Every structure is written in C-alpha cells, then in structure tokens.
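Participant: Dumping the structure here so I can ask a few things about it.
The values are calculated or read from the model by the stated rules, or taken from the named source; none is laboratory data. Source: prediction; values computed, not measured. So basically every Cβ, Gly included, is an ideal-geometry build from the backbone, and we count neighbours across all protein chains shown.
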Amino acid sequence: MANKTKELFLKTADVIIENKNYLTELDAAIGDGDHGVNLARGFKKLKDKLENGSFESRSEVFKLTAMTLISNVGGASGPLYGTAFLNISKVIADSRLDLEDLVEISEEAIAGIQKRGRAEAGEKTMLDTLIPASESLKESRDNNLDLDTALKNCLQAAAAGMENTIEMQATKGRASYLGERSIGHQDPGATSSYLIIETFIKNSLK
Amino acid sequence: MANKTKELFLKTADVIIENKNYLTELDAAIGDGDHGVNLARGFKKLKDKLENGSFESRSEVFKLTAMTLISNVGGASGPLYGTAFLNISKVIADSRLDLEDLVEISEEAIAGIQKRGRAEAGEKTMLDTLIPASESLKESRDNNLDLDTALKNCLQAAAAGMENTIEMQATKGRASYLGERSIGHQDPGATSSYLIIETFIKNSLK
Amino acid sequence: MVNILIISHSEKIAEGTKELAEEMKQAEVDIQVAGGTGDGQMGTDADLIEKKLKSMDCQDGIVVLADLGSAVMSFNMVKEWLSEDKQKKIKLANAPIVEGAVLAAVEASLGKNLEEVLAAIEKKSILNKNNL
Amino acid sequence: MVNILIISHSEKIAEGTKELAEEMKQAEVDIQVAGGTGDGQMGTDADLIEKKLKSMDCQDGIVVLADLGSAVMSFNMVKEWLSEDKQKKIKLANAPIVEGAVLAAVEASLGKNLEEVLAAIEKKSILNKNNL
Ligand SMILES: Nc1ncnc2c1ncn2[C@@H]1O[C@H](COP(=O)(O)OP(=O)(O)O)[C@@H](O)[C@H]1O
Ligand SMILES: Nc1ncnc2c1ncn2[C@@H]1O[C@H](COP(=O)(O)OP(=O)(O)O)[C@@H](O)[C@H]1O
Ligand SMILES: [Mg+2]
Ligand SMILES: [Mg+2]
Ligand SMILES: [Mg+2]
Ligand SMILES: [Mg+2]
C-alpha cells in the first residue's frame, strides 16, 4: 500500500501546486495572501522527499507528509494539516480500507486540526469542508451504503461545505480580523481541503 | 552676547563629550546605556554648527542648540533638553542677566521638560537636578543675595539634587521599568543636567 | 482612507511591522515608518517623524503606532509643530506596535474612520495570544 | 535566570525586538529569536522554534513572545514535542511582542522567576503609551 499512497500524495502535491495562485488569491481577499504559496512550498518539498524515498507502509507516507508540511509550510495551515496527517498516520492500517476506517481517519484528521486551531464548525475554516465530509461518511456507514456511493456523497458534502464558507463570518485565523467583511469570500483553507479530498477520492475510486 | 553664548555652548559640548562614557555607564545601569552617546551625538553636531555659524543674539544660539539636540540626540533627552532650550530662547534677553532673569530662564527650562516628559520632582529624572537649582535661585532672589553667591548656592543645590537621585525610585523613563531596582544608581539625565549647569555657572562667573 | 505611521526605536522593527501589516491590507492604505536614529542606531529621529507626518495624506486621519516612551515623546513634540487641523487628525494609539499595526492596516483598508480604527486596536483583547 | 524566545512572522521584527530588549538587560539573559520561514518569507518555522527551545537553557524557565496566531499555533505544537518537565517551564506570554520582550528582558535580568516575569509583562498597563 505504501506505493499507492506515495502516488496519491504525488498527485495531491500536483493538484495543490497547480492551484497555488487560486489559493493565494482566495487568501489575499481575506487573509495575508499566502495560502497557495505556503502549501505549494510544503508540497514541493514533499514531492522531492517522496520521489527520492522508499516506504514500507501507508503510515510512513502519511507521517512523512505530516512532518514535511509542518516543517515547510510556514503558515497556520502547516501545523493544522501536519497534525491532521500525523494523527492519521497513527491509526491508518496497511490493509484495504473500509468505510469504518475512512470514518476513523476523517475523525482523526479533524481532531488534529481542532487540537491545533481550537475551532468549531462554522468558523469559516478548513473544518467547514472536513466536518461535513466526515459527517457524510458516518451517515453512509450508518445507512450501510457501498463505498463508491459513500465516497461520491462525501465529495458532494465537502464541496457544499467549502461553498458554505462563502456566507460565513470568520472567527478564527487571520480572516477573523476582517469581522463581517470576511463574509462573501470562500475560505482558502476550506478550498485546499476540498482539493485534497477530491484528489483522494478520485484516485482511490479508479 | 551672541559670541559669549556661543563660547558657552562650545564649552558645554566639550564637557558633555568628555563625559560621554560616564553618562553612558550611568544609563547602562538603569536604562539602555546610551545617554552619553545620545548627548555626545547631539553636542558634536552643535559644535559643527556653532563653529561654522555667526549669530546675532543669545536667543539665536539657544534656538540653534534646541533644534540641533532635537534633531540629533535620538533619545528622550533630545526632546527634553531641546524643548528646555527652545523655551529659554523665547524669553532670554541680550542684555546682562540678573537673578530675576535666571529664575525665569530656569523655570522656562523646567516647564519645557515637564511639557514633554510629564514628570514631577522626585521621579528620578533630570528634573531632580533642575528643580532644586531653580528653587535655590528663587530663594536667593527672595533673600536679595548677590549674583555670585546665588550661583554658588545654585550649583550646590544642583549637585545635591543630582546626588539625591541615587536614593530615588524611577517612575518615569526607561529606568522606571526597573521599579525598586532603580534605587541605588544616580540618574544619567540628572547628571548631564548637573554638568550643564556647572559649565554655565563656572563660565559666567569668570 | 486612514493612513498609518509606525515609529520604532529600531529600523528593523519598523520595517518588519510595515511588511507584516501590508500583507493584511484590503485596499490602498499608506503605511509609513520612522525607525531608528537615521544613522543606524537605536532611537528616534524627530526630523524623520516630521517629514513623514508632513508628507502623508492626512485627509481621513493618521493612526500612529509607537514602541516605547521616548518615541512617544518625540512624536508628541513633532505633532505640536503641525497645523491645528492636522493635529486633530493624527492620533497615537494605545496599542502594541506590531499587533496594533496589523489590525490597523485591516481596519483602515476596510474604510473605517479614525475613531473606529483606534477603537478596534485599543481593545484589551489584542493581548490575548490564544485567539488562533 | 529566565530566558526569552521571540517568535515572529518577520525576521526583521524578531531581530529588532531582540536588539531593543538586549539594551535593557541588567545581566546575562539569553534572548533568542525564531523569525520568518527560514527562506526569507513571512511566516513561522516550526523546526527553528524547536531548535531554539531545545538549545536554550530552560532551568529557570523560558518566556515566549509571539506576534500572531499562526506563530502561536506553531509554538503550541512544538512545545508538545518537548519533555513534560520542559513543557511546564516554557510559557507563552499574553503580551505584545515588542513591548513585552523589552520588559521581560528587564524583569528576567533582575532575577525574577518565571511567574513574576509573566505577571509583569501581562499587565494591561503595557498598552498605555503615555507612561513616558
Ligand atoms: N484556528 C484555525 N482552525 C482551523 N483552521 C484554521 C485556523 N486558522 C486558520 N485556519 C485555516 O488556515 C487557512 C489559512 O492558511 P495559511 O494562509 O496557510 O496560514 P496563515 O493564516 O498563517 O497565513 C485559513 O483559510 C483557514 O482555513
Ligand atoms: N518623562 C521624563 N521626564 C523627564 N526626564 C526624563 C523622562 N524620561 C527620561 N528622562 C531623563 O532622560 C534620561 C535618559 O535619556 P536618554 O538615555 O538620552 O534617553 P532614552 O531613555 O530614550 O534612551 C533619564 O536619565 C532621565 O533623566
Ligand atoms: Mg495566509
Ligand atoms: Mg501567512
Ligand atoms: Mg538611554
Ligand atoms: Mg535610548
């Protein structure tokens, strides 16, 4: 599984790097205009490390990703994504993942981000993509949906969550400095979270 | 009178420059260690300007001194001494000064320093040299003492005032950051004020 | 637009604060600095403060951030040299130099007026570092 | 002696703050900085924070001054990587980065303990710029 995971993160890195300017523009509107730059810096470094390394387990790849983002991103999203991936690395198995596993992984990621950022749903952050996505997975599990359907629903929930940040007022992160004036813009972190989820889901569905 | 005043300030500049290290050491003990450096910077510039200029009145020399210190000292003592000398320049006459004039001049200087620094007597600042010196002049005037005696008394009062700052706790300026631990050190500004008064008195007594 | 002047004993602090605040601007706010003595020493340069205050657009006011007492003393003095009209529109903030400048850049660029910018940055909550 | 770590998004702010604080030291206090991303950008570098916290003498504690939320987030994370004993002795101050660092340098160098240094710099009066 280590190699598939490595490929997945190389793909994710490409998606983030492709969206560098888009993410940066979103952050310029309500933050300091560096979210794309930050993540691209971290994911470029990750690509180097992945391409030049060999890995034994999924967990190892997640851990490398976490540490690389923590060390290289430079913005709040560094510790936030870093802790999310680090938490996942602690629970993720090397066997085929079922819906129950995905629920656990999503909850670990959210717990990591909340540990670092102390935010709740509705504060206009990456959590507003991730929490609905996780909730969707739980619902699918409770309703015994098949994995493909569950992932499609999850992606939809993530997209809706991301879009819902437009109408939210930021109460965490730099966008919170803008108060009411943060309303009307999509949160950059919610957007990068969507891109990551999308890449994960599209590439595991294949 | 312009030339005598020019000579007086050239002499004062030399005294301050000679005492640069001493004043700086006093400031290092309870401040940021630059009082001598600051004043030497200002008075060196003043020497240049005095040596290369010609002046029509006492007032003009005082004003040049004020503006030069304001522009070049870089520390609190710049605006403080600058405003003192500027105030003096507004009232000082070109005729021979009597005790009444000296009282007025000292009060103007103190008013200028208090306008800028909002300090009172006993806060361990330059005012603790200047206020006793001014009070002594007033007492001499009220007792109709002759000018020479008045100036000698004034110099003694200034010296005592300066020394009394040792036992004071600073409540203004950087030394106030030290709280009780400012006690036991002589205030650098009180010391430079004493040096200035001493130079003024010794050179006008000649 | 309210403009911003940052006065620090240290040129580095002044420059760095300006750069940090610039990042958060939502529109054109003029952020100027007066840092150090002009000859590379720690201190304040009254002439530089004067030059900045005179050259900056003061139409909607200027918020001044300063680090320590003697910077404030220099500023108070220079302010008195300006026209009464300008004096009324130039206000020293009781706010921390770095944190205050960043917030002021946001508020000013959102088109807030002088009193609003000051009110926003003089809040005690600016000291709470756990507003993540 | 309590030591001091200054964490800023800006290398210039971090360096300038250190220099300003050093001036007020009354004795040897170790004042270290972690400024910027390491490649000259604005941001925080968790590795640098870790390196500093690990290399600094923590015997009597370390007071940490940080500028904005994401610097605090990085610091909180790095702190968790340290031994429990060290964690207890490393405290983030709810104080402005520049003004707090200067005061902390004075207090620490006077031999105050960690709680005393924090109490001194977390006072609301630190916001009053007219303490001349
Ligand atoms: N306290 C927080 N909790 C969760 N997410 C946060 C928090 N603060 C910021 N974020 C997320 O981080 C994103 C900004 O990341 P980035 O621009 O890289 O960091 P910085 O704000 O330090 O420049 C925001 O769009 C938001 O989604
Ligand atoms: N508010 C004040 N009122 C009167 N004098 C003051 C005040 N603050 C500081 N001083 C005087 O200034 C002296 C320090 O001057 P200097 O070292 O040149 O300035 P800085 O403190 O800015 O480095 C102190 O010793 C004190 O006498
Ligand atoms: Mg950002
Ligand atoms: Mg940033
Ligand atoms: Mg000094
Ligand atoms: Mg100084």
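Participant: Suppose we keep only residues that are touching a Gly at 6+ places or on another chain (Cβ under 9 Å) and within 11 Å of chain D (Cβ to nearest Cβ) within segment A:36-64. Which one would you say is farthest from ligand 6 (Cβ to nearest atom)?
Facilitator: Restricting to residues being touching a Gly at 6+ places or on another chain (Cβ under 9 Å) and within 11 Å of chain D (Cβ to nearest Cβ), the top hit is A:Gly42.
Participant: Let me ask another. Could you grab the pairs with beta carbons closer than 8 Å, sequence gap of 6+ or different chains, first residue in segment D:1-26 and over 14 Å from C:Gly16 (Cα atoms), second one in a helix (DSSP H, G or I) and acidic (Asp, Glu)?
Facilitator: What qualifies is D:Val2/D:Glu107.
Participant: Follow-up question, since we're still on this one. Answer yes if at least one residue in segment A:139-160 is assigned to a helix (DSSP H, G or I), of a type in the set (Gly, Ala, Ser), in contact (Cβ under 8 Å) with a residue 24 or more places away in the chain and within 14 Å of another protein chain (Cβ to nearest Cβ), and no otherwise.
Facilitator: So far as segment A:139-160 goes, no, none of its residues is assigned to a helix (DSSP H, G or I), of a type in the set (Gly, Ala, Ser), in contact (Cβ under 8 Å) with a residue 24 or more places away in the chain and within 14 Å of another protein chain (Cβ to nearest Cβ).
Participant: Quick check, is A:Lys90 more than 16 Å from ligand 6 (Cβ to nearest atom), under 18 Å from D:Gly36 (Cβ atoms) and among the basic types (Lys, Arg)?
Facilitator: On the way: more than 16 Å from ligand 6 (Cβ to nearest atom): yes; under 18 Å from D:Gly36 (Cβ atoms): no; among the basic types (Lys, Arg): yes.
It is false that A:Lys90 is more than 16 Å from ligand 6 (Cβ to nearest atom), under 18 Å from D:Gly36 (Cβ atoms) and among the basic types (Lys, Arg).
Participant: For the list (1) farther than 15 Å from A:Phe200 by Cα; (2) in a loop (DSSP other than H, G, I, E, B), I need the number of the one condition that A:Ser89 fails.
Facilitator: For A:Ser89, the exception is condition (2).
Participant: For segment C:61-95, which positions are more than 23 Å from C:Met42 (Cβ to Cβ) and more than 14 Å from the chain's Cα centre (by Cα)?
Facilitator: C:Glu80, C:Trp81, C:Leu82, C:Ser83, C:Glu84, C:Asp85, C:Lys86, C:Gln87, C:Lys88
Participant: Could you check segment B:168-189 and list, in sequence order, the residues that are in a helix (DSSP H, G or I) and within 16 Å of ligand 6 (Cβ to nearest atom)?
Facilitator: B:Arg174, B:Ala175, B:Ser176, B:Tyr177, B:Leu178, B:Ser182, B:Pro188, B:Gly189
Participant: State yes or no: is A:Asn21 within 15 Å of ligand 3 (Cβ to nearest atom) and more than 14 Å from every other protein chain (Cβ to nearest Cβ)? Before the answer, list the steps.
Facilitator: On the way: within 15 Å of ligand 3 (Cβ to nearest atom): yes; more than 14 Å from every other protein chain (Cβ to nearest Cβ): yes.
For A:Asn21, the condition - within 15 Å of ligand 3 (Cβ to nearest atom) and more than 14 Å from every other protein chain (Cβ to nearest Cβ) - is met.
Participant: All but one of (1) among the polar types (S, T, N, Q); (2) part of a loop (DSSP other than H, G, I, E, B); (3) under 30 Å from C:Val78 (Cβ atoms) hold for B:Thr165; which doesn't?
Facilitator: (2)
Participant: If I filter segment D:63-81 for residues that are more than 25 Å from A:Ile113 (Cβ to Cβ) and in contact (Cβ under 8 Å) with a residue 24 or more places away in the chain, do I get at least one hit?
Facilitator: Yes, the conditions are met somewhere in segment D:63-81.
Participant: I need every pair where a residue in segment A:71-99 that is more than 10 Å from every other protein chain (Cβ to nearest Cβ) has its Cβ under 6 Å from the Cβ of a residue that is modelled with pLDDT under 95, sequence separation at least 6 or different chains.
Facilitator: A:Asp94/A:Met1
Yes/no matrix, rows are residues, columns are (1) closer than 24 Å to C:Ser109 by Cβ; (2) away from chain B (no Cβ under 14 Å); (3) crowded, with 20+ Cβ neighbours inside 10 Å:
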residue	(1), (2), (3)
C:Ile49	yes, no, yes
C:Gln59	yes, yes, no
C:Ile62	yes, yes, yes
C:Asp67	yes, no, yes
C:Phe75	yes, no, yes
C:Glu84	no, yes, no
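Participant: Turning to a different aspect of this structure: Of all residues in segment A:113-135, count the ones that are away from chain C (no Cβ under 14 Å) and buried (at least 19 other Cβ atoms within 10 Å of the Cβ). Even if it seems obvious, please write down each step before you answer.
Facilitator: Step one: filter segment A:113-135 for residues away from chain C (no Cβ under 14 Å), giving A:121-122, A:128-135.
So of that shortlist, the ones also buried (at least 19 other Cβ atoms within 10 Å of the Cβ) come out as A:128-134.
Result for segment A:113-135: 7.
Participant: Would a scan of segment B:6-16 turn up a residue that is of a type in the set (A, V, I, L, M) and touching a Phe, Trp or Tyr at 6+ places or on another chain (Cβ under 6 Å)?
Facilitator: The answer is yes, given that some residue of segment B:6-16 is of a type in the set (A, V, I, L, M) and touching a Phe, Trp or Tyr at 6+ places or on another chain (Cβ under 6 Å).
Participant: Would you pick out the residues in segment C:7-34 that are in contact with a Gly (Cβ under 8 Å, 6 or more places away or on another chain), of a type outside the set (S, T, N, Q) and within 11 Å of chain D (Cβ to nearest Cβ)? I'd like the intermediate steps shown before the answer.
Facilitator: To start, the set of residues in segment C:7-34 that are in contact with a Gly (Cβ under 8 Å, 6 or more places away or on another chain) comprises C:7-16, C:23-24, C:27.
Narrowing the set further to residues that are of a type outside the set (S, T, N, Q) leaves C:7, C:9, C:11-16, C:23-24, C:27.
Matches in segment C:7-34: C:Ile7, C:His9, C:Glu11, C:Lys12, C:Ile13, C:Ala14, C:Glu15, C:Gly16, C:Glu23, C:Met24.
Participant: Could you check how many residues of segment D:108-132 are without any contact (Cβ under 8 Å) to a residue 12 or more places away in the chain, more than 8 Å from chain C (Cβ to nearest Cβ) and of a type in the set (Lys, Arg)?
Facilitator: Matching residues across segment D:108-132 total 1.
Participant: Further, regarding this structure: Where residues in segment A:124-133 are in a helix (DSSP H, G or I) and within 17 Å of A:Thr199 (Cβ to Cβ), which of them is farthest from the chain's Cα centre (by Cα)?
Facilitator: Ranking the qualifying residues of segment A:124-133, first place goes to A:Ala133.
Participant: Could you list, in sequence order, all residues of segment A:8-46 that are farther than 23 Å from A:Ile201 by Cα and among the hydroxyl-bearing types (Ser, Thr, Tyr)?
Facilitator: Result: A:Thr24, single match.
Participant: So, one more: Do we have B:Met67 as at pLDDT below 95, of a type outside the set (S, T, N, Q) and away from ligand 6 (no atom under 16 Å from the Cβ) here? I'd like the intermediate steps shown before the answer.
Facilitator: Details: at pLDDT below 95: no; of a type outside the set (S, T, N, Q): yes; away from ligand 6 (no atom under 16 Å from the Cβ): yes.
No, not satisfied.
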